[in-house]
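Participant: The structure is given below, and queries will be raised subsequently.
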Amino acid sequence: MGEYGKPLPRGEGYHGDFYRFCKQHELRFQRCADCQAWRHPPRECCPHCGAFAWRWEQVSGKGQVYSWTVVQRALHPAFAEDVPYAVVIVELAEGVRLVSRVLDLPPQELRLGLPVEVVFVDVTPEVTLPMFRPCR
Amino acid sequence: MQTLKDRACIVGVGETAYTRGSGKSVLRLVLEAARYAIADAGLQPHDIDGLVLSAHYVNQEQLAANLGIPDLRYATTVQMGGASPVAALQSAAMAVACGLATHVLIPFGWNGFSETPVKRRSSGGKTYSLRPPENAMTASVRNYYAPYGAVAPMHYYAWLATRHRQLYGTTDEQMAAVALACREHAQHNPKAYMYGRPLTLEDYLNSPILATPFRVLDCCLETDGACAVVVTSAERARDLPHDPVYIMGIAEGHPLPADDLANRADPFAIGLSYAAPKAFAMAGVSPRDIDFVEIYDCFTYVVLLQLEALGFCRRGEAGPFAAEGRLRIDGDLPCNTHGGLLSEAHVWGLNHVVEATRQLRHEAPLQVRDCELGLVTGWGDFGDGSLVILRR
């Protein structure tokens, strides 16, 4: 087993909180305690109503493909083994969007609105990345 | 309310050679371009009393000390990535309109080929330029994009391009029209890095895909070089050697949120979408009055996106607009008449401002006949935007 060479989230502040939930295989986003708006990436206060109060609320994990790019030439050496690979924007049912990968799907089969669900990939002993696969 | 319309002028422009391997520090390149621009304005370095910089590569203390500016009255730095140089014009126009400064220098330069992160890695980190600071945008990349393999602007903007293609049917040939127009224009510009290297549609389609939908030839050049322009008040401009080029309308805009491309209610609502109506209103003109455009062309598709945001065509129609040949020198909206970032050089679009100024002086190598009004855009980071409408 080679050392994991891909970039890892730095995980400072609220970003670290997000990934700590991922490590527990929970996909949680900030949700305003006042107006109930979801938000991502994490913010200090609600951009809709201004409330500082919020909680990390778990989402269904279901969403759909919003856009993507299929990388055919790696610009970072650690991704050379993956090409071609698609980096996908997934819109979750709750409305927040997450950059991720869709596993178990050839890139040419990607289309707008494709239903996907979250899977958790433990890429290192410390870090888990949320990824997606087509809904069964 | 008094606006900035016609209150400030570009009176001097200059640039270094555009190369791959300048062998010079960024500061040296910037100083050379600055001296050309100051001389072009009929001024001396000690006449400069304002500096508006873009990003982090050089700082105001270095420039003032090297140019021997005895009384630097106004200095600031714009942080909008490639949208910075045009936004810097706005700051300079404000400064001269308010009397905060008389002659404002706007320089930009970098070793965009020889000191990129990749080259820096292979050269053991040796560099003469300052490194970029971390910000909210790089935090998004580090925490949410890069772990999945999206590590460069090409990848982030490709998400917009893919969605545009899926929704509106934008094609490879339509994106190619941007690259081909730029390359054709560069064949008339001896300073262009791609001068003497014409391009065909076949060449374009044969160039390898890096990240769909972008091929190598959808991407701007990486070059070393610097540009500079000098801005002064309309009153002062009348005493200087060149016909003044007036800043007729100018604005900047920022998408919401600016630090994440994925979570925008409307992904095609870019900074320019907010800025363009303001600049056209200030200038009192509409898109159909514009004789030529210099659009920030980091990627072919990003030009199409901006043409729609500017109002030159409706959403989804920029592809056919480009494919009809309208962006070519013989079209009704000549675009990137110097070759652009795609075929002249990548100087964060300050080279677009230099070119627009020469067009409006009627001294460009590939002249838009009888042009009176030109428009220049900047695009930076995750879609920050800026534009200026210039007149002779």
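All of the numbers you see were taken from the coordinates with simple rules; none came from a lab. Predicted, not measured: the structure shown is a model, and the values here were computed from it. We place every Cβ from the backbone using ideal geometry, glycine too, and count neighbours over all the protein chains shown.
Participant: Given axes a ≥ b ≥ c from the Cα gyration tensor, I'd like to know whether the range A:59-136 is rounded (a/c under 1.5), prolate (a/b larger than b/c) or oblate.
Facilitator: Taking the square roots of the gyration eigenvalues as a ≥ b ≥ c, the range A:59-136 is oblate.
Participant: Further question: Taking 56 Å as R0, compute the FRET efficiency from the Cβ-Cβ separation of A:Glu12 and B:Arg369 and round it to 0.05.
Facilitator: Plugging the Cβ-Cβ distance into 1/(1 + (r/R0)^6) gives 0.50.
Participant: Among B:Met1, B:Met154, what is the fewest-to-most ranking by other Cβ atoms within 10 Å?
Facilitator: Going from least to most buried by this count: B:Met1, B:Met154.
Participant: State, to one decimal in nm, how far the label point of A:Arg136 lies from the label point of B:Arg315, with both points 7 Å from Cα in the Cβ direction.
Facilitator: 3.8
Participant: Follow-up. Can you give me the Kirkwood hydrodynamic radius for the protein assembly as shown, using every pair of distinct Cα atoms, in Å to one decimal?
Facilitator: Hydrodynamic radius (Kirkwood, Cα only) of the protein assembly as shown equals 23.9 Å.
Participant: Mean separation of Cα pairs under 8 Å and 6+ residues apart, divided by the residue count of chain A: what relative contact order is that in percent?
Facilitator: 22 percent.
Participant: Then there is this: Say each of B:Thr138 and A:Ala33 gets a label point 7 Å from the Cα, pointing the same way as Cα to Cβ; how far apart are those two points in nm?
Facilitator: Once both label points are built, they end up 3.4 nm from each other.
Participant: Related question: Where does chain B land at 222 nm, in deg cm²/dmol rounded to the nearest 500, when only DSSP H runs of n ≥ 4 count, each adding -39500 (n - 2.57), divided by all residues?
Facilitator: -10000 deg cm²/dmol
Participant: Average partner chain C-beta neighbours within 10 Å, per residue of B:100-112?
Facilitator: The mean count of partner-chain Cβ atoms within 10 Å per residue comes to 0.
Participant: Given a Förster distance of 60 angstrom, what is the FRET efficiency for B:Asp203 paired with A:Ala51, based on the Cβ-Cβ distance and rounded to 0.05?
Facilitator: That gives a FRET efficiency of 0.60.
Participant: OK, next. Under the rule of -39500 (n - 2.57) per DSSP H run of 4 or more residues, summed and divided by the residues of chain A, what mean residue ellipticity at 222 nm is obtained, to the nearest 500 deg cm²/dmol?
Facilitator: Rounded to the nearest 500, the figure is -2500 deg cm²/dmol.
Participant: Between the helical axis of A:13-23 and the dominant principal axis of chain A, each derived from Cα atoms, what acute angle in degrees is found, rounded to the nearest 10?
Facilitator: Its long axis makes an angle of about 60 degrees.
Participant: With N residues in the range A:10-58, what two-decimal value do you get for its Cα radius of gyration over 2.2 N^0.38 Å?
Facilitator: 1.10
Participant: Of B:His254, B:His155, how do they rank once you tally other Cβ atoms within 10 Å and put the fewest first?
Facilitator: B:His254, B:His155
Participant: Assign unit charges at the C-beta atoms only (+1 for Lys and Arg, -1 for Asp and Glu), then state the dipole size of chain A relative to its Cα centre in Debye, rounded to the nearest 20.
Facilitator: Computed charge dipole of chain A: roughly 220 debye.
Participant: Next question, about the same structure. So what is the relative contact order for the range A:59-136, in percent, with contacts set as C-alpha pairs under 8 Å and at least six apart?
Facilitator: 31
Participant: For chain A, how big is the tail of P(r) above 23 Å, as a whole percent of Cα pairs?
Facilitator: Beyond 23 Å sits 39 percent of the P(r) for chain A.
Participant: Using a cut-off of 14 Å between beta-carbons, work out the net charge of the residues near A:Arg136 (Lys and Arg +1, Asp and Glu -1, A:Arg136 not included).
Facilitator: Counting the neighbours of A:Arg136, the net charge comes to 0.
Participant: Turning to a different aspect of this structure: Could you list which residues have their amide H under 5 Å from that of B:Gly112, counting only those 5 or more apart in sequence or on another chain, with H placed in the peptide plane?
Facilitator: B:Thr223, B:Asp224, B:Gly225
Participant: When only Cα pairs under 8 Å and 6 or more residues apart are kept, what is the percent relative contact order across chain B?
Facilitator: 26
Participant: Here is a further query. Once you charge only the Cβ atoms, +1 for Lys and Arg and -1 for Asp and Glu, what is the size of the charge dipole of the range B:141-232 about its Cα centre, to the nearest 20 debye?
Facilitator: The calculation lands at about 260 debye.
Participant: So if R0 is 60 Å, what FRET efficiency would B:Glu61 and A:His25 give, r being the distance between their Cβ atoms, rounded to the nearest 0.05?
Facilitator: Plugging the Cβ-Cβ distance into 1/(1 + (r/R0)^6) gives 0.70.
Participant: When ranked by the protection proxy of mean other Cβ atoms within 10 Å per residue, highest first, what sequence do the peptides B:344-352, A:84-92 form?
Facilitator: B:344-352, A:84-92
Participant: Give me the mean projected area, in nm² to one decimal, of the convex hull enclosing the Cα positions of chain B.
Facilitator: Averaged projected hull area, Cα only: 17.8 nm².
Participant: Continuing with the same structure: Averaged over A:68-81, how many beta carbons belonging to a partner chain fall within 10 Å of each residue's beta carbon?
Facilitator: Going residue by residue through A:68-81 and averaging, the value is 6.
Participant: Using a 10 Å cut-off around each Cβ, can you sort B:Ile290, B:Ile10 from fewest to most neighbouring Cβ atoms?
Facilitator: By the 10 Å Cβ count, ascending, the order reads B:Ile290, B:Ile10.
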